[in-house]
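The values are calculated or read from the model by the stated rules, or taken from the named source; none is laboratory data. Values in this document were obtained by computation on a predicted structure and should not be read as measured data. Glycine also receives a Cβ, built like all others from the backbone with ideal geometry; neighbour counts cover every protein chain displayed.
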Amino acid sequence: MYRLLGIVISIFAIAMAGIASAKSVKLGIVVETLGNPYFACVKRAAEEEAKSHPDLKLTVLGAATGTDLIGMTKMIDDLIQKKVDVLAFNAIDPNAMVQTVNRVQGKGIPVLIHSDDTAKKVARHFVGPDQYYGQYSVAKAVADELGGKGTVALMEGVPGNMSSILRKN
């Protein structure tokens, strides 16, 4: 899954920026934190895929923590200033990232939302898991295994993070 996500992001960048036009494509990927094994794997997969595309110039950045909205927004702004052709990021805040998506797309930069689908209402492209359905499937399997009896603990993840909210609901 992680490798596939990195590959999809890289191929999306190539397709959206029109690699056939013989210009190099600058892809910026911003993740909530590279300290999270999931996002570290996304970074490695994107870097590995980028090696197959010499015209793809890849930058992968991660915020200090999984809730650092200000840091993430600054990284996105920095990539805009560096004139990336395509931006991929996960929307860590249910409301604030919608404004960021609108701002980036307003500058003519295609946006791919990955992992957290909060901003997919305004972004034209999303790739990632269905967090609600995924957690529902796990909960159902556990309930079936326990015969509907017993006590179960839910590990929420980062409080306030959209993935955590969807998993908890």
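Residues that are under 23 Å from Arg103 (Cβ atoms) and modelled with pLDDT under 85: list the helices (runs of 4 or more DSSP H) wholly contained in segment 1-83 that include at least 3 such residues.
Passing ranges, in order: 2-17.
Please determine, by comparing only the residues of segment 68-95 that are aliphatic (A, V, I, L, M) and more than 15 Å from the chain's Cα centre (by Cα), which one is surrounded by the fewest Cβ atoms within 10 Å (Cβ to Cβ).
Within segment 68-95, the match that is surrounded by the fewest Cβ atoms within 10 Å (Cβ to Cβ) is Ile70.
For the list (1) surrounded by fewer than 18 Cβ atoms within 10 Å (Cβ to Cβ); (2) modelled with pLDDT of 85 or more; (3) outside any helix (DSSP H, G or I); (4) not hydroxyl-bearing (Ser, Thr, Tyr), I need the number of the one condition that Gln105 fails.
Exception for Gln105: condition (3).
Suppose the filter is in contact with a Gly (Cβ under 9 Å, 6 or more places away or on another chain) and either in the same structural domain as Gln105 (by TED's automatic domain parsing) or buried (at least 22 other Cβ atoms within 10 Å of the Cβ) (or both); does Thr65 pass it?
Judged against the criteria, Thr65 is a match.
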